[in-house]
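The structure appears below as structure tokens.
The values are calculated or read from the model by the stated rules, or taken from the named source; none is laboratory data. This structure is a prediction, so every number in the text was calculated from the model and none was measured. Counting neighbours? That spans all protein chains shown, and the Cβs are built from the backbone with ideal geometry, glycine included.
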Amino acid sequence: EKSRIGVTGLAVMGANLARNMARRGFPVAVHNRTTSKTQEFMKDFGDEGPFTGSESLQEFVDALETPRTIVVMVKAGPPVDAVIDELAPLLDKGDIIIDAGNSHFPDTDRRAAYCQERGLRFMGVGVSGGEEGALLGPSIMPGGDPEAYAEVEEILTAIAAVVDDTPCCTHVGPGGAGHYVKMVHNGIEYADIQLIAEAYDLLTHVAGLSAPEIGKIFEQWNTGDLESFLIEITGKVLAKTDEKTGAPLVDVIVDQAEQKGTGRWTAIDALDLGVPLTGITEAVFARTLSSLRDERRAASTTLAGPTPGSGSNRDDLVEDIRQALYASKVVAYAQGFAQMRAASQQNDWNLDLGAMATIWRGGCIIRAQFLNRIRDAYAEHPDLDNLLMVPYFTQAVADAQDAWRRVVATATAQGVAIPAFSSSLSYYDGYRRERGPANLIQGLRDFFGAHTYRRTDSDGTFHTRWAQDGSEVSTG
Ligand code: NBP
């Protein structure tokens with residue numbers, strides 16, 4: 001009997017996706033470039049479900065029902081192209097290749113065109129949830145040909161996480177739309193994590209609390225508005241004692257954050273689109289700054305900081321930080337969703353932003369109660385420019401803003417870096433200003449570069465002859 005679907009690439013993600021599919025009863029053919037990995041997989045998991053292990057790509061392709069559906073779960077980048085190149089000659093017209101790795105969306109557009117030229121159908125599918133998600137139910141963001149999606153929908157929705165009877169999987173849009181949305185998801189994850197790290201830093205250095213004490217605070221926070229996977233695991237990570245030293249584990253972990261690139265892609269794309277995406281971008285820069293460990297060490301004994309002030313009431317401070325975290329998180333999501341909206345308009349993707357919030361409620365790393373609110377916001381206002389403008393979030397930020405401002409002021413006075421907290425607040429203050437200071441920027445640009453400006457009281461563009469007689473001329 002032939003297999004319904006194939007998975008090539010049996011590192012942790014591919015292996016777990018294949019096991020997830022088999023558990024739901026779909027016969028799965030499995031393959032890996034290094035054959036010993038396939039053998040190991042069959043030895044360890046072969047009796048979990050209907051698997052066929054294949055040692056060559058030809059064997060793998062022959063094991064599949066036609067039209068074939070093949071999930072490629074290899075390292076993002078050139079390996080995906082290598083696998084497509086090897087597979088294409090072995091496949092028939094109409095076969096579907098699904099790239100379920102973290103590919104960069106322009107690559108997905110390129111690969112979709114390449115496959116189309118060869119009569120193959122290609123889907124770029126974002127999968128979030130790490131190894132556990134892949135095994136037990138990830139959030140799935142499929143992009144590409146809707147007809148191809150219709151053929152694999154049964155499998156993808158069956159293996160996805162489920163929240164309130166709704167699978168965390170929906171067709172996102174054509175071409176690279178699925179990988180785009182996965183990219184922004186990861187960017188938002190960067191912002192969420194950075195905000196948590198800043199809260200931890202303040203609780204440590206301003207409130208003077210220990211890691212296990214802060215862990216308890218996060219556990220508490222996870223019962224309110226902030227309830228989410230990341231807040232929950234922060235409590236667990238902070239509570240963990242190092243087996244070797246007996247100290248809190250976080251206290252012996254090196255303070256250099258690594259990154260695989262999806263946050264950087266999100267920030268670069270925001271710059272290209274012209275969307276202010278300060279929360280995610282600051283989060284990427286904060287990781288980059290953390291990696292300058294030797295420079296920071298030298299600077300720590302050279303560059304002056306403020307004289308430590310007297311702390312405020314600790315309980316008040318903890319509550320202020322909670323509110324600042326929430327308000328900053330609202331801004332980070334507002335920015336990420338505004339970015340998806342801009343990309344959707346630019347690429348004619350017709351993204352349903354409420355549906356994106358819906359499929360992120362389970363399985364993925366940023367799963368949170370909060371996403372229900374975002375789903376509701378788009379249900380009521382599908383054309384919303386900015387999430388801050390729906391009454392629920394307008395009010396949430398209004399309620400939190402005093403605390404948020406106190407936290408930013410305290411952190412600044414005490415010399416604790418809070419790039420995501422403070423840039424989110426600056427974004428908020430910039431966004432809610434009817435008239436900002438860019439009039440002066442335009443005046444300066446006109447002075448040094450004759451770049452012209454527009455006037456508030458008449459149409460057209462103008463230039464002042466700064467270096468001549470100072471008179472104004474109309475330029476168009
Ligand atoms: P890796 O990203 O570590 O990739 C390892 C797999 O790629 C192995 O199966 C390896 O085969 C295969 N491979 C490579 Br490398 N070069 C190849 C080539 N030229 N031809 C064929 N196969 C090749 O695996 P992963 O951590 O399971 O992640 C898979 C994808 O899922 C990535 O895109 C990742 O970003 C994404 N993702 C990962 C997570 C996570 O939590 N890890 C979460 C969400 C998404 P070999 O055994 O022969 O070397």
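See the values below:
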| read-out | value |
| --- | --- |
| Any hit, the range 9-31, residues being more than 15 Å from the ligand (Cβ to nearest atom), in the same structural domain as GLU154 (by TED's automatic domain parsing), over 20 Å from LEU156 (Cβ atoms) and among the small types (Gly, Ala, Ser) | no |
| Test: residue in the range 448-462 that is charged (D, E, K, R) and touching a residue at least 24 places away in the same chain (Cβ under 8 Å) | no |
| Helices (runs of 4 or more DSSP H) lying entirely in the range 287-404 (those with 3 or more residues that are within 30 Å of HIS171 (Cα to Cα)) | 314-347, 353-359, 370-380 |
| Single residue of GLU65, GLU86 found to be more than 26 Å from the chain's Cα centre (by Cα), within 25 Å of LEU120 (Cβ to Cβ), among the charged types (D, E, K, R) and away from the ligand (no atom under 11 Å from the Cβ) | GLU65 |
| Helices (runs of 4 or more DSSP H) completely within the range 154-250 that count 2 or more residues being touching a helix residue (DSSP H, G or I) at 6+ places or on another chain (Cβ under 7 Å) and under 30 Å from ARG23 (Cβ atoms) | 177-205, 229-239 |
| Residue within the range 449-469 that is in a helix (DSSP H, G or I) and exposed (fewer than 11 other Cβ atoms within 10 Å of the Cβ) present | yes |
| Some residue of the range 101-120 being in a strand (DSSP E or B), at pLDDT 95 or above and buried (at least 24 other Cβ atoms within 10 Å of the Cβ) | no |
| In the range 366-416, the residues that are closer than 27 Å to ALA161 by Cα and touching a Ser or Thr at 6+ places or on another chain (Cβ under 6 Å) | ALA368, ARG375 |
| Qualifying residue in the range 81-90 (condition: assigned to a helix (DSSP H, G or I), within 30 Å of LEU273 (Cα to Cα) and among the acidic types (Asp, Glu)) | yes |
| Test: residue in the range 43-56 that is within 12 Å of the ligand (Cβ to nearest atom), hydrophobic (A, V, I, L, M, F, W, C), assigned by TED's automatic domain parsing to the domain that holds GLY133 and touching a Ser or Thr at 6+ places or on another chain (Cβ under 9 Å) | no |
